[in-house]
1. Could you tell me which of 88, 66, 168 has its Cα farthest along the dipole of the chain towards the positive end, charges placed at Cβ (Lys, Arg +1; Asp, Glu -1), taken about the Cα centre?
2. From the phi of every residue in the range 161-178, what ³J(HN,Hα) in whole Hz does the Karplus formula 6.51 cos²θ - 1.76 cosθ + 1.60 yield, where θ is phi - 60° and glycine or proline is x?
3. Around residue 173, with a cut-off of 15 angstrom between Cβ atoms, what is the net charge of the other residues, counting Lys and Arg +1 and Asp and Glu -1?
4. Between residue 36 and residues 5 or more places away or on another chain, which pairs have amide H atoms under 5 Å apart, with H built 1.01 Å from N, and which residues are they?
5. Which residues' amide hydrogens lie under 5 Å from the amide hydrogen of residue 129, considering only partners 5 or more residues apart or on another chain, with H built in the peptide plane?
6. Which of the peptides 20-30, 96-106 is most tightly packed, and how do the rest follow, going by the mean number of other Cβ atoms within 10 Å of each residue?
7. Whole-Hz Karplus ³J(HN,Hα) for the range 105-113, in order, using 6.51 cos²θ - 1.76 cosθ + 1.60 and θ = phi - 60°, x for Gly and Pro?
8. Could you check how many percent of all C-alpha pairs in the range 4-190 are farther apart than 28 Å?
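We did not get these values from a lab; they are worked out from the coordinates using the rules stated. Keep in mind that this is a model prediction, so the values were computed, not measured. Cβ placement follows ideal geometry from the backbone for every residue including glycine, while neighbour counts extend to all protein chains displayed.
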Amino acid sequence: MGKRILVILGHPSSNSFCSALADSYVKAASSAGNEVRLLRLGALKFDVVLHEGFRQVQELEPDLVQAQEAIRWAEHVCFVFPIWWGGVPASLKGFLDRAFLPGFAFKYRAGAAFPDQLLKGRSAHVLATMDTPPWYFRWMYRMPALHQMRKTTLEFCGIKPVKVFSFGPILGSKPSQREAWLEKTRSVASGI
């Protein structure tokens, strides 16, 4: 029996290589017998700024309410995004700030050093593109965006295991290299 899979495209453009990776992931995971939904952050309407932090409740826009419902529905989540300035795009960061809220993704408890993880029982893939060679991003920059997504966001909320795949450098890549990355994505999605 297949899994319920949510793919979240964190690139604002539907004409990007990240979009091609997300589409390939969706098709391969669907062909493998899974029920798959795709959420394109660039198509959602929401304020990316959490204006008062957690001090004050900021009403969720309908698109964020639906996104939270999709995350609750999912058994596996795949995030696809580019690395920009060593981090995630503003739309993805804003989505995480606004949707992964206390009471949804985690819950503080008095006297506890760490919050309760409310998204346990889910696994994740992270597919990140970059113009930096992945080995350089790993050893010289220490992968800040990938650590943020894996450790301080997804695992913090209870989502694990989280498997990370890096593709790059995108800039100057040949069609044959891009096709190899798409094939890797199809292979990863087929094996869930």
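1. Among 88, 66, 168, the one farthest towards the positive end of the dipole of the chain is 168.
2. So the Karplus estimates, Gly and Pro as x, are x, 10, 9, 10, 10, 10, 10, x, x, 6, 4, x, 6, 8, x, 5, 5, 5 Hz.
3. 0
4. Placed amide hydrogens put 5 under 5 Å from residue 36.
5. It is 81, 83, 167, by chain and number.
6. Details: 20-30: 21.4, 96-106: 17.5.
Peptide ranking by packing, descending: 20-30, 96-106.
7. 9, 7, 8, 6, 10, 4, x, 8, 5
8. Value for the range 4-190: 23 percent of Cα pairs lie more than 28 Å apart.
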